[in-house]
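Report on one structure; see the data block that follows.
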Amino acid sequence: MRVVTVAAAQMGPIQKSDSRAAVIERMVRLMEAAKAAGADLIVYPELALTTFFPRWYMPDWTEVDTWFEREMPGPNTAALFEAARQHEMAMYLGYAELTTDHHRFNTAILTDKTASLVGKYRKIHLPGHVDYDTERTHQHLEKRYFEPGDLGFPVFRMLGGIFGMAICNDRRWPETYRVMGLQGVEMVVLGYNTPSVNSQKNAEGPQQRYFHSELVMQAGAYQNSCWVVGVAKAGVEDGHPLIGGSIIVNPDGEIVAKAATEGDELLVHACDLDATKFGKATIFDFARHRRIEHYSRITSQTGVILPPEA
Ligand code: ING
């Protein structure tokens, strides 16, 4: 048994007017509850420090950059890192990263029990659009405010296991999990901010959004025999609803914990990393079963190439 007790720290809404300090205070309270529940690792949502600002069209880049962090840890997050040190709590934290050479990424980091940086991931699958889209009921400007990640899908050894990260839309793409699966990942941790309604198809409401969110994380876990922890920022932010539905999925693709609310809520589960071994040694023993000579389209083609007309 190699048990890592994970706390999925779902967060409720963050309004545009909420200060970083107020958000950090909520996050520290969740960490204290995680500690009391015996957690080793706490997983926060995507862009956990601010409202989901890509819903707003901002022509002024000075305003855009008020949503980004220039240092991590920095003045805005020192209290959170201090709490992590004090509670010996490893952490996944999603935030908007502005680099010193002026690149902007939707980023997540893993820190260990001494609150030291273990690894960084920058979101690769950016949904949405670049310019203001009059056709949409709400904007989703991640392609405007962030560059695609440039760090690949790395995995990191920590807490006695092999951990990987993803962010939100990444969870909908099988390549995300498989690239980490091919590195032996035992737990994928990810945060998300998922609007409750499809901005282009009103008929797609919360029920289908919850279904798809669970479907893709269960599939990713099962097909790579790994744990998947998905943590929402949820609730209504300045009138815009986000789904909750944070879950912890075991290597058989079964949901072992699920959030009941759309507010700040902690899910805690003792995850045995050895539970990944059977699947990796049998049905998903990649070395024995994969036939890569037939997979070339996956990396040689970006879009669809249709068969010739009959
Ligand atoms: N949000 C959404 C997500 O992938 C989305 C955007 C929702 C895209 C549903 C497609 C379908 O969960 C982020 N932040 O990626």
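The values are calculated or read from the model by the stated rules, or taken from the named source; none is laboratory data. Note that the structure is a prediction, hence the values are computed from the model and not measured. Note: ideal-geometry Cβ built from the backbone for every residue, glycine included; neighbour counts use all protein chains shown. Heavy atoms of the whole protein, side chains included, go into the accessibility calculation; ligands, DNA and RNA do not. Shrake-Rupley method; radii C 1.70, N 1.55, O 1.52, S 1.80 Å.
Among the GluC sites (Glu not before Pro) found in the range 48-86, those both in a DSSP coil and sparsely packed, with 14 or fewer other Cβ atoms within 10 Å of their Cβ, are E71.
Of the beta bridges DSSP finds with both residues in the chain, what % are antiparallel, to the nearest 5? If you can, show how the numbers build up before the last one.
Working: 36 of 55 bridges.
Around 65 percent antiparallel, to the nearest 5.
In the range 3-284, what percent of the accessible surface is made up of carbon and sulfur (1.4 Å probe, ligands and nucleic acids excluded)? Write out the running numbers ahead of the final one.
Details: 5860 of 10810 Å².
Result for the range 3-284: 54 percent of the exposed heavy-atom area is carbon or sulfur.
Short-range pairs are left out: with C-alpha atoms under 8 Å and at least six residues apart, the relative contact order of the chain is 21 percent. With a cut-off of 20 Å on the backbone N, the residues of the range 225-240 near the modelled label site 7 Å out from Q15 along Cα-Cβ are 233-240. Note on A281 and R2: the model spin-label points, each 7 Å out from Cα along the C-beta direction, lie 1.3 nm apart.
Applying both filters, DSSP loop and at most 15 other Cβ atoms within 10 Å, to the trypsin sites (Lys or Arg not before Pro) of the range 102-156 gives R136.
Our summary gives the range 128-264 a relative contact order of 18 percent, counting only alpha carbon pairs under 8 angstrom and 6 or more residues apart. Spatially, the range 145-188 and the range 213-271 are offset by 16 Å when compared through their Cα centroids. Between H103 and T137, full extension at 0.36 nm per residue minus the direct alpha carbon distance yields a gain of 9.4 nm.
Of the residues T302, G74, T137, the one whose Cα sits farthest towards the positive end of the charge dipole of the chain is T302 (charges of +1 on Lys and Arg Cβ, -1 on Asp and Glu Cβ, taken about the Cα centre). Probing with 1.4 Å while keeping every protein chain in the model, the per residue accessible area of the chain equals 44 Å².
With the Kirkwood sum run over all distinct C-alpha pairs, the range 1-66 has a hydrodynamic radius of 13.7 Å.
Taking the Cβ-Cβ separation of D150 and Q86 as r and a Förster radius of 45 Å, what is the calculated FRET efficiency to the nearest 0.05? Computed FRET efficiency for D150 and Q86: 0.85. The length gained on full extension between T62 and S116, counted as 0.36 nm times the residue separation minus their Cα-Cα distance, comes to 16.4 nm.
Equivalent-ellipsoid semi-axes (√(5λ), Cα gyration tensor) for the range 107-234, whole Å, largest first? Provide the component values of the computation, followed by the final result.
Working: eigenvalues 151, 59, 30 Å².
Output for the range 107-234: semi-axes of 28, 17, 12 Å.
Hey, with R₀ at 30 Å, roughly what FRET efficiency would L182 and A78 work out to, going by the Cβ-Cβ distance, to 0.05?
Working: r = 37 Å, r/R0 = 1.23.
Once the sixth-power term is evaluated, E becomes 0.20.
Evaluating kT/(6 pi eta Rh) at 37 °C and 0.692 mPa s, with the Kirkwood radius of the chain over Cα pairs in the Stokes-Einstein relation, gives 166 µm² s⁻¹. Once the Cα-Cα distance is subtracted from the 0.36 nm per residue extended length, the V256 to N202 segment shows a gain of 16.4 nm. Restriction of the trypsin sites (Lys or Arg not before Pro) in the range 1-82 to DSSP coil positions whose beta-carbon has at most 13 other beta-carbons within 10 angstrom yields K16, R70.
When only the Cβ of Lys, Arg, Asp and Glu is charged (+1, +1, -1, -1), the dipole of the chain relative to its Cα centre reaches about 680 debye.
For the range 124-215, give me the percentage of DSSP beta bridges that are antiparallel, rounded to the nearest 5 percent.
Values: 5 of 10 bridges.
Once the DSSP bridges in the range 124-215 are tallied, antiparallel ones form about 50 percent.
Helix content alone sets the calculated 222 nm mean residue ellipticity of the chain: runs of n ≥ 4 DSSP H residues at -39500 (n - 2.57) each, divided across all residues, give -6500 deg cm²/dmol.
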